[in-house]
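Everything below concerns the one structure shown next.
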Amino acid sequence: QVHLVESGGGSMQSGGSLRLSCVVSGFRASDYFMAWFRHTPGNGREGVASIRADGTRNYADTVKGRFTISQDKAKNTLALQMNSLTPEDTATYYCAATARYLAGWSRLLQGGYEHWGQGTQVSVFP
């Protein structure tokens, strides 16, 4: 069975950094499109970053230049390095994966992903 488990969330002052991890089991992450999403009451669930096995990455404009998505194929894990955090980054962050091919314009849309983790909370204070 497919399982995605996020960790690494917490509380941080503005300007600080956090690193989120997603442990993948039941499939090989290197064969999937994978992504990070975040959910807030105001913005709903929005795509943050995506990655595929060849290293191609996509980022939301709100995080580009501050966040980096990466994949460790040996450990079958996904990571999100978050730098220069602001209160607007406060959200529940979710790891997602799909075996479907996703066109570039759809890789940050939640409808394309069939596997999801339980989420990890990130809180950023001014």
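As an exercise: evaluate A79 against (1) over 16 Å from H115 (Cβ atoms); (2) open to solvent by 20 Å² or more (accessible area, probe 1.4 Å) and give the number of the one condition it does not meet.
Only one criterion is unmet by A79, namely (2).
Residues being among the small types (G, A, S), farther than 25 Å from A103 by Cβ and in a loop (DSSP other than H, G, I, E, B): count how many of those fall in the stretch 1-56.
Residues flagged as among the small types (G, A, S), farther than 25 Å from A103 by Cβ and in a loop (DSSP other than H, G, I, E, B) within the stretch 1-56 amount to 8.
Here is a yes/no grid of residues against (1) open to solvent by 50 Å² or more (accessible area, probe 1.4 Å); (2) of a type in the set (F, W, Y); (3) at pLDDT 95 or above:
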site	(1), (2), (3)
G16	no, no, yes
T62	yes, no, yes
A74	yes, no, no
L85	no, no, yes
E88	yes, no, yes
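Those residues that are within 11 Å of the chain's Cα centre (by Cα) and closer than 13 Å to F33 by Cβ, I need them from the stretch 72-115; list them, please.
First, the residues of the stretch 72-115 that are within 11 Å of the chain's Cα centre (by Cα): 78-82, 92-97, 108.
L78, C95, A96, A97, L108 - these are the residues of the stretch 72-115 that are within 11 Å of the chain's Cα centre (by Cα) and closer than 13 Å to F33 by Cβ.
Can you name the number of the only condition in (1) surrounded by 20 or more Cβ atoms within 10 Å (Cβ to Cβ); (2) touching a Pro at 6+ places or on another chain (Cβ under 6 Å) that P126 fails?
(1)
For every residue, the table says whether it meets (1) closer than 21 Å to F125 by Cα; (2) charged (D, E, K, R).
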position	(1), (2)
Q1	no, no
R19	yes, yes
R28	no, yes
D31	no, yes
A35	no, no
P41	yes, no
E46	yes, yes
S50	no, no
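The values are calculated or read from the model by the stated rules, or taken from the named source; none is laboratory data. Just so you know, these numbers come straight off a predicted model, no measurement behind them. Neighbour counts run over all protein chains shown; Cβ positions are idealised from the backbone, glycine included. All accessible areas refer to the heavy atoms of the entire protein, side chains included, with ligands and DNA or RNA removed. Shrake-Rupley method; radii C 1.70, N 1.55, O 1.52, S 1.80 Å.
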